[in-house]
Amino acid sequence: MSDAVLRHHQEVWRKKPILRTLYAQWYEEIVSYLVPGRTLEVGGGTGNLKECFPCVLCTDVVKLPWLDAVVDAQRLPFISRSMANIVLVDSLHHIENVRFFFDEAVRVLRPGGRIIVMDPYISWLSWPVYRFLHPEAVDFTQDPLSVRSPDSDRKPFDANQAVATMLFERSIGDFQNAYPHFKMLTVRRLAFFAYPLSGGFDHACLLPLCLLKPLLALERALDRFARFLAFRILVVLEAGI
């Protein structure tokens, strides 16, 4: 089932120029934060980061031709201090025990290495869209740093879209206390109108390509209202020396 979803997403990627344009801008920004060295992508899905950064080691929990390896984010099969960067695009909220991932990241990242996360952000504008028009849950009652017993019935695409908002905004103090090893370099809320109007990977596009550029210009002008309008959050963490 999981590989069927990713194959469908790759087909949508080929057919939606607006989606490719939006993600290309995000990937370029992500790449700008990478430090030199070995880069791992966790939850690489359709493997699109490779178009912008070909040398990334692209992994997911299923085996597909465009992925380099099958990897569980909670048990990274790499030696300590072997990675310069770990990238997660639309994948942090799918990890069953987020704590296990960050524990592993502390181990495998070298000093000065970075984690770059892009995940859903729950704002006033995005909440009803994510809550009612998206199949994944939005649950603020969960503690994202609590450790839960593995659920044998859990599917790879089960998720809680509120995870990043809780970790890096509402419960940022708890995260920093749990992981003082990480310095937060960037927290940016983005994607106000164009992304939801693109329909993402699951819905029809409602935005003509000719209107994308002026709409993105409007988003930049409204950046001060990001907490109320954003659909995405970009976070960059750096491992301590």
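Structure notes:
- Extreme residue, nearest to residue 80 (Cα to Cα), among residues of the stretch 11-39 that are crowded, with 16+ Cβ neighbours inside 10 Å and touching a Gly at 6+ places or on another chain (Cβ under 8 Å): 19
- The stretch 69-85, subset without any contact (Cβ under 8 Å) to a residue 40 or more places away in the chain and farther than 12 Å from residue 42 by Cβ, residue most open to solvent (accessible area, probe 1.4 Å): 81
- The requirement of being among the small types (Gly, Ala, Ser), in contact with a helix residue (DSSP H, G or I) (Cβ under 9 Å, 6 or more places away or on another chain) and over 16 Å from residue 123 (Cβ atoms) is satisfied by residue 198.
- Entirely in the stretch 178-238, the helices (runs of 4 or more DSSP H) that have 2 or more residues that are at pLDDT 95 or above, closer than 16 Å to residue 26 by Cα and open to solvent by 30 Å² or more (accessible area, probe 1.4 Å): 194-198, 212-221
- Sole exception among (1) part of a helix (DSSP H, G or I); (2) out of contact with any Pro (no Cβ under 7 Å at 6 or more places or on another chain) for residue 158, by number: (1)
- Here residue 152 meets the list (1) open to solvent by 60 Å² or more (accessible area, probe 1.4 Å); (2) of a type in the set (Ser, Thr, Tyr); (3) in a strand (DSSP E or B) almost entirely, failing just condition (3).
- A Cβ distance below 7 Å, combined with a sequence gap of six or more or placement on separate chains, defines the contacts here; from the stretch 123-146, residues that are without any contact (Cβ under 8 Å) to a residue 60 or more places away in the chain and closer than 12 Å to residue 165 by Cα reach residues that are assigned to a loop (DSSP other than H, G, I, E, B) and hydrophobic (A, V, I, L, M, F, W, C) in the pairs 127/138; 138/122; 138/162; 139/162; 140/162.
- Qualifying residue in the stretch 86-99 (condition: more than 15 Å from the chain's Cα centre (by Cα), modelled with pLDDT of 95 or more, among the charged types (D, E, K, R) and open to solvent by 50 Å² or more (accessible area, probe 1.4 Å)): yes
The values are calculated or read from the model by the stated rules, or taken from the named source; none is laboratory data. Given the structure is predicted, the values throughout are model-derived calculations rather than measurements. Positions of Cβ are backbone-derived with ideal geometry, glycine not excepted, and every protein chain shown enters the neighbour counts. Heavy atoms of the whole protein, side chains included, go into the accessibility calculation; ligands, DNA and RNA do not. Shrake-Rupley method; radii C 1.70, N 1.55, O 1.52, S 1.80 Å.
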